[in-house]
Amino acid sequence: LFSVGEEAAIFPCVMAWAATMLKQTGHEVRWLDGQTMDWPWARYLLSLRCWQPDVVCWEVKTPSALRTYEAVKAVNEALPLATVVLVGDHVTALPQEPQEMGCRALVATGGDYDYTLKEIVDSRPPQGANLGIVAGHTNHDLTSLPAMDRELCRWRDYSRMGNYLYRPGTHGYSARDCWWRHQGGCTFCSWTNTFKNYRTMSVDQFMADVESAHALGAREYFDDAGTWAPPGKWFEDAISQLARFNRNRRHHQAVMAMGCNDRPGARQSTHYEAMAAAGFRFILYGLESANLETLQRINKGQHAEDMRNAAKWASEAGLQPHLTVMFGYPWETRDDAARTVALVRELFDRGWANSMQATLLMPYPGTQLFRQAEENGWLLTTDWNRYTMNECILKCPMSHAEVLEKIRACYRAAVTPKYVLRKLITIRTRDDFRFLWRGLRFWAGQIRDFSAHPH
C-alpha cells in the first residue's frame with residue numbers, strides 16, 4: 001500500500017504455529033503467502049487447483065477484508081469441496097460479515113486460532129462446509145505450544161521485511177497480548193479483542209525458539225509480544241539465559257541480536273542496561289502523542305515524560321529506540337499535533353531515538369476506538385478498502401491535508417542533516433550502511449505517500 005512497503009509485512013507467528021501443529025499431527029500442510037512470494041492471484045489460484053486441498057485457511061485483516069472475501073468466493077467456485085477457514089482480528093470482530101458478503105466459509109474467532117484450526121481440521125469438517133462460527137478462546141496454556149517449524153512456513157520470505165539491522169531476521173512471540181491491560185487496554189489495539197488475557201511461554205521455550213532460529217541462520221530476533229516481559233522473575237531468567245547464549249556481548253557481536261515492543265514507563269535504567277548486555281538492540285515504543293489528554297483518552301497509561309526517560313535510558317544503555325506516532329485523533333487540534341512533532345524532534349535531536357514511524361489513527365472493528373467512533377459519529381466510512389493509512393477515517397478538527405502535513409513534519413523532524421551525519425559517523429559494517437540506506441528509502445517513501453490527496 002506504500003511506496004516502500006516491504007518493511008510492513010512480518011512473519012505471522014500464530015499462523016506458523018497452526019501450520020506446525022497440523023503437520024505434527026500427520027496432516028499434509030502447504031504454506032502459501034502470495035504477497036511475500038510475489039505471486040499474482042492467478043498463479044496462486046492455479047496452485048490451489050493443482051493441489052486440491054481439503055482446507056484453505058486465511059487470516060483476515062481489515063484493509064484486505066473485502067478482497068479476501070472475493071478470493072473466498074473464487075475458491076468456492078474453483079474448489080467446491082474445499083472448506084475455507086477464516087481467522088484473525090477482523091472476522092473475530094465481525095464473524096457474520098463473510099456470509100453477508102456471499103462467502104462459504106467457517107469463521108474461527110479469537111486469537112488462539114492455531115489451536116482452533118487444529119480442532120477444526122482434526123474434526124474433519126464436511127467438504128465445502130458452509131458458513132459457521134467456531135468460537136475460539138484464549139485460555140490455552142502456551143507451554144503446550146510446539147517448537148515453531150519456520151522452514152515449513154518459509155521464514156526467509158519475511159526476512160527482508162521488518163526493522164532488522166542484521167539480516168536475515170525473524171519474529172517470534174514469548175507471550176500473547178500485552179501485560180498492561182488497565183481498563184481494557186489501549187483503545188486502538190486490535191489485540192484487546194483477539195487475545196483476552198496475557199499468557200507467556202516458559203523461558204526455556206522462548207530460548208529454544210531463539211536458538212532454533214539461530215540454527216536456521218537468523219541473525220536478529222524480534223519478540224512481538226504486545227509488551228515484552230515486565231520486570232520480575234520471567235524477565236530476569238530470560239535476560240540471564242540470553243546473556244549466556246550471547247556470551248555477554250552487545251548486539252553487534254551477539255550470536256543473536258534481539259528486539260521487542262516496550263512501554264514507556266515500564267522499566268528503570270538498570271533494566272535497559274541488562275537488556276543491552278544480553279544482546280538487545282531494537283526497542284519499539286508506542287509514543288502515540290505528546291498530549292496527556294490524548295494518552296488518557298486512548299488509555300495508554302503513560303505520560304510524555306515517561307517517553308523521554310525511557311528513550312534516554314535505552315539509548316544511553318546502547319539500545320536503538322524506535323518510536324511509533326499517530327495523528328488524526330478526533331479531538332486533537334493543530335497545536336496538539338504540533339506538540340507531538342516537537343517531542344519527536346527533541347528525542348531525535350538529543351540522540352534518544354534512532355528511527356520512527358508516523359501514521360494515521362485507524363479505528364479497526366472490535367476495538368474500543370471503533371465503538372467510540374460509532375457512538376460519537378466520528379466514522380467517515382466503513383468501506384474497509386479505505387482503511388489503508390492513505391486517508392483519515394475519523395472526523396478531526398484538522399483537515400485531511402493538515403493531518404498529512406503533520407505526519408510529513410514528523411518525518412522531517414526526525415531525519416535531519418544532523419541525524420544523517422550522526423548515523424554516518426557510527427557506520428562500522430555493511431549491515432550498518434545497508435540499514436541506513438533502507439531507512440532513508442523508507443523515509444522518502446513515507447514523505448511521498450503522505451503527500452497524496454484523499455480519495
Where residue 305 falls short, out of the listed (1) farther than 24 Å from residue 203 by Cβ; (2) touching a residue at least 12 places away in the same chain (Cβ under 8 Å); (3) open to solvent by 10 Å² or more (accessible area, probe 1.4 Å); (4) not hydroxyl-bearing (Ser, Thr, Tyr): (2)
Pairs with Cβ under 7 Å, 6+ apart, first in the stretch 340-364 and closer than 23 Å to residue 318 by Cβ and open to solvent by less than 20 Å² (accessible area, probe 1.4 Å), second among the aliphatic types (A, V, I, L, M) and in a loop (DSSP other than H, G, I, E, B): 343/290; 347/353
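The rows are residues; the columns are (1) in a loop (DSSP other than H, G, I, E, B); (2) under 11 Å from residue 169 (Cα atoms).
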site: 212; (1), (2): no, no
site: 221; (1), (2): no, yes
site: 231; (1), (2): yes, no
site: 237; (1), (2): no, no
site: 247; (1), (2): yes, no
site: 255; (1), (2): yes, no
site: 261; (1), (2): no, no
Subset tally (residues that are of a type in the set (Val, Ile, Thr) and either at pLDDT below 95 or not in a helix (DSSP H, G or I) (or both)) for the stretch 6-25: 2
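Scanning the stretch 402-452 for residues that are of a type in the set (Ser, Thr, Tyr) and exposed (fewer than 14 other Cβ atoms within 10 Å of the Cβ), which turns out farthest from residue 336 (Cα to Cα)? Let's see the steps before the verdict.
To start, the set of residues in the stretch 402-452 that are of a type in the set (Ser, Thr, Tyr) comprises 411, 416, 419, 426, 429, 451.
In the following step, the residues that additionally are exposed (fewer than 14 other Cβ atoms within 10 Å of the Cβ) were identified as 416, 426, 429, 451.
Working: 416: 22, 426: 34, 429: 40, 451: 21 Å.
It comes out as 429.
Criterion first (more than 24 Å from residue 251 (Cα to Cα), of a type in the set (Val, Ile, Thr), open to solvent by 10 Å² or more (accessible area, probe 1.4 Å) and touching a residue at least 24 places away in the same chain (Cβ under 8 Å)) does residue 333 satisfy it?
Working: more than 24 Å from residue 251 (Cα to Cα): yes; of a type in the set (Val, Ile, Thr): yes; open to solvent by 10 Å² or more (accessible area, probe 1.4 Å): yes; touching a residue at least 24 places away in the same chain (Cβ under 8 Å): yes.
For residue 333, the condition - more than 24 Å from residue 251 (Cα to Cα), of a type in the set (Val, Ile, Thr), open to solvent by 10 Å² or more (accessible area, probe 1.4 Å) and touching a residue at least 24 places away in the same chain (Cβ under 8 Å) - is met.
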Tabulated pairs, the stretch 380-392, first over 23 Å from residue 325 (Cβ atoms) and touching a residue at least 60 places away in the same chain (Cβ under 8 Å), second surrounded by 18 or more Cβ atoms within 10 Å (Cβ to Cβ) and aromatic (Phe, Trp, Tyr), C-beta under 6 angstrom, 6+ apart or interchain: none
Residue that is nearest to residue 140 (Cα to Cα), among those in the stretch 77-126 that are open to solvent by 10 Å² or more (accessible area, probe 1.4 Å) and polar (S, T, N, Q): 109
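The values are calculated or read from the model by the stated rules, or taken from the named source; none is laboratory data. Remember, predicted model here, so these are calculated numbers, not experimental data. Every residue, glycine as well, gets a Cβ built from its backbone with ideal geometry; the counts of neighbours run over all protein chains shown. Heavy atoms of the whole protein, side chains included, go into the accessibility calculation; ligands, DNA and RNA do not. Shrake-Rupley method; radii C 1.70, N 1.55, O 1.52, S 1.80 Å.
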